[in-house]
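Taken together, the values in this text are just the output of simple stated rules run on the coordinates, not laboratory data. Note that the structure is predicted; figures quoted are calculated from it, not measured.
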Amino acid sequence: MANVSQLSDILKMKIDWVKDEVPPWLLTAVDKTVLRDLALISLERSRAVAELDAKAIDGAMAVIKKAKF
């Protein structure tokens with residue numbers, strides 16, 4: 001069984017910093033409609049990552065609540 005120090009390290013959330021998959025040079029090469037579409041794709045990705053993070057947190061909380069210390 002993990003000791004308190006190991007448990008603390010295991011439970012630390014590792015934030016996936018926001019990544020922009022669009023190369024900067026492309027932003028000046030496309031029109032505003034394409035930029036809007038790219039922005040929506042980026043926001044959808046961010047939402048999906050946030051939803052997965054929330055699901056992982058909920059799961060971890062459920063396990064911790066059931067744990068007998």
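Provide, for region 19-69, the number of lysine pairs with alpha carbons under 23 Å apart, each pair being eight or more places apart or on different chains. It would help to have the intermediate numbers written out before the result.
On the way: Lys19/Lys32; Lys19/Lys55; Lys55/Lys65; Lys55/Lys66; Lys55/Lys68.
Step by step, the pairs that qualify in region 19-69 add up to 5.
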Report summary line: A student applying the Cα gyration tensor rule (rounded when a/c is under 1.5; otherwise prolate if a/b is larger than b/c, oblate if not) would label region 16-66 prolate
